[in-house]
Amino acid sequence: MRMSCVSSRDGPSPYVVFPSTESLGDLDEDDDSPSREKQHLIALSNCRYTRLRVLPKLVECFRSHGYADYKDVTQNAQQYLDELNAKISTVYVDCKELPIVGALEPGMTAGDWDWEECPAPTEVRGYLKDTLLKMVKVHAEVYSVVPPFVGRILSHLAEAVIAEITRVLQCSPGFSDNGTAQARLELTVLERVLSKCLTSGARNCLTEAFSVLPHLADAEKTKTVDLQVKAFMDSTKFQLACFSGVTLTVL
């Protein structure tokens, strides 16, 4: 498949612009072609590049040649690109969200986990570590193609993850002190790690999740949870550093 160069920044990058209709049927057999998910990101990069770089040049060309109705043409083109951008973003987010969110409840309840009879917390459980590592992979994939969209993609994923965890917690008939401490540990870690990715909707979900939990009256348990949060953040500082630079603003 022939490749063309385009860029989401100022310089060219060797990504396909749009394959011809004839080549679409051969994408799955072409070992050198990007995966379907990367094709979505490449299309997002192309939309952004066209919106920010190509259209202004076309407008100037129309204006300099005295084209009377170029403003309407430009507005229609911008609207079309914005709609296409939104559709492709939704498709990509759905591809990433479904397996991540779908694994949360089985992970949270693995081993017949019971919030009313669980042992005292010793660390963040595996399901949350796995979820965060999957989000790190999404960050790397998006950043490698279209960095300005990292915040948009991760904010959607973060909100979906927090909403599902909240739902699972709400399904529990009750929480022992140990269960409350474990849940607080995991929610606090999630809040700290993804702080730069949280929309108002995600923050509302977190507030709702914390409100499900009983007050932890045992000061010693509260102190232990705080120490375990700090230990997790310190031990994963390098692995999760990518989240600290996320911004929700997309140009």
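The table below gives the values:
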{"item": "Residues that are within 20 Å of C171 (Cβ to Cβ) and touching an Asp or Glu at 6+ places or on another chain (Cβ under 8 Å), drawn from the range 200-213", "result": "A202, C205, L206"}
{"item": "Matching residues in the range 59-86 - criterion: being open to solvent by 60 Å² or more (accessible area, probe 1.4 Å) and within 34 Å of the chain's Cα centre (by Cα)", "result": "V73, Q75, N76, Q79, Y80, D82, E83"}
{"item": "V91 vs. criteria open to solvent by less than 50 Å² (accessible area, probe 1.4 Å) and of a type outside the set (F, W, Y)", "result": "no"}
{"item": "The one condition in (1) over 19 Å from L185 (Cα atoms); (2) free of Cβ contacts under 8 Å to residues at least 12 places away in the same chain that W113 fails to fulfil", "result": "(1)"}
{"item": "The lone exception for L227 - which of (1) farther than 26 Å from I88 by Cβ; (2) touching a residue at least 40 places away in the same chain (Cβ under 8 Å); (3) not acidic (D, E) it fails", "result": "(2)"}
{"item": "Residues satisfying the stated conditions in the range 100-134, i.e. open to solvent by 60 Å² or more (accessible area, probe 1.4 Å), among the charged types (D, E, K, R) and over 21 Å from the mean Cα position of the chain (by Cα)", "result": "D112, E116, E117, E123"}
{"item": "Candidates R152, R184, R203 - the one that is under 19 Å from G245 (Cβ atoms) and not polar (S, T, N, Q)", "result": "R152"}
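The values are calculated or read from the model by the stated rules, or taken from the named source; none is laboratory data. Since we're looking at a predicted model, the values are computed, not measured. Glycine also receives a Cβ, built like all others from the backbone with ideal geometry; neighbour counts cover every protein chain displayed. To get the accessible areas, we keep the full protein, side chains included, count just its heavy atoms, and leave off ligands, DNA and RNA. Shrake-Rupley method; radii C 1.70, N 1.55, O 1.52, S 1.80 Å.
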